[in-house]
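In what follows, a structure is listed as structure tokens, so that the remarks can point back to it.
The values are calculated or read from the model by the stated rules, or taken from the named source; none is laboratory data. Everything numeric in this text was worked out from a predicted model, so none of it was measured. Using ideal geometry, Cβ is built from the backbone for each residue, glycine included, and neighbour counts are taken over all protein chains shown.
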Amino acid sequence: MKLNSLKPAAGSKQSRHRVGRGVASGWGKTAGRGHKGQRARSGGFHKVGFEGGQMPLHRRLPKRGFNSPTRDDVAEVRTGELQLMKAAEIDLAVLKAEGIVPRKALAAKVILSGKLERKVSLKEILVSKGARSMIEAAGGTIQITPKPEAPKKPKKEKKKKAKPEAEEGAKDAKGAEGAKT
């Protein structure tokens, strides 16, 4: 057997279907496109889901759910994963280096899942209630710098419109005259 003598099996390869090559070919004149209509003409195409001007199904159904664009900003870390880490002082950079947190994460939060029996020191990492109690029970520490609070703006008091004294005196006088009659 030689490379130049290799051929595909008989009948496995068919020549391309050539349309519009005369009546005798069986695919002449309209070339399998039928008579008139959108698909008979060049460029006749509509997107998938087009229902002839009727409101398509994907637009008739109500929208549901919500995909948060900031969902991946805060990564979850289990207490069991902290147990397996070698570092004693843990911050976001250490978590990223170990591959526990994705590189695009902006923050991390430790949740209670698994056991933690060694002393760890967390810096600038959020912690759930249960995880906090487990870390502190193991002798660990948690350091989070509080965010500076924005100064509160004083509320503006609405001023009541003072009635002119001249108008009040005139009303009193009218009331007195009405009482006399």
Check: What's the number of the condition ARG39 fails, among (1) more than 28 Å from the chain's Cα centre (by Cα); (2) part of a loop (DSSP other than H, G, I, E, B)?
Finding: (2)
Check: When only residues in the stretch 117-132 that are touching a Lys or Arg at 6+ places or on another chain (Cβ under 9 Å) and free of Cβ contacts under 8 Å to residues at least 40 places away in the same chain count, which is farthest from LYS147 (Cα to Cα)?
Finding: SER128
Next item on the list: Determine whether GLU89 is among the acidic types (Asp, Glu), farther than 30 Å from ALA131 by Cα and surrounded by 11 or more Cβ atoms within 10 Å (Cβ to Cβ).
Entry: no
Next item on the list: Hey, can you tell me all the residues within the stretch 42-81 that are of a type in the set (D, E, K, R) and part of a loop (DSSP other than H, G, I, E, B)?
Entry: LYS47, LYS63, ARG64, ARG71, ASP72, ASP73
Check: How many residues does the stretch 98-129 hold that are at pLDDT 95 or above and part of a helix (DSSP H, G or I)?
Finding: 1
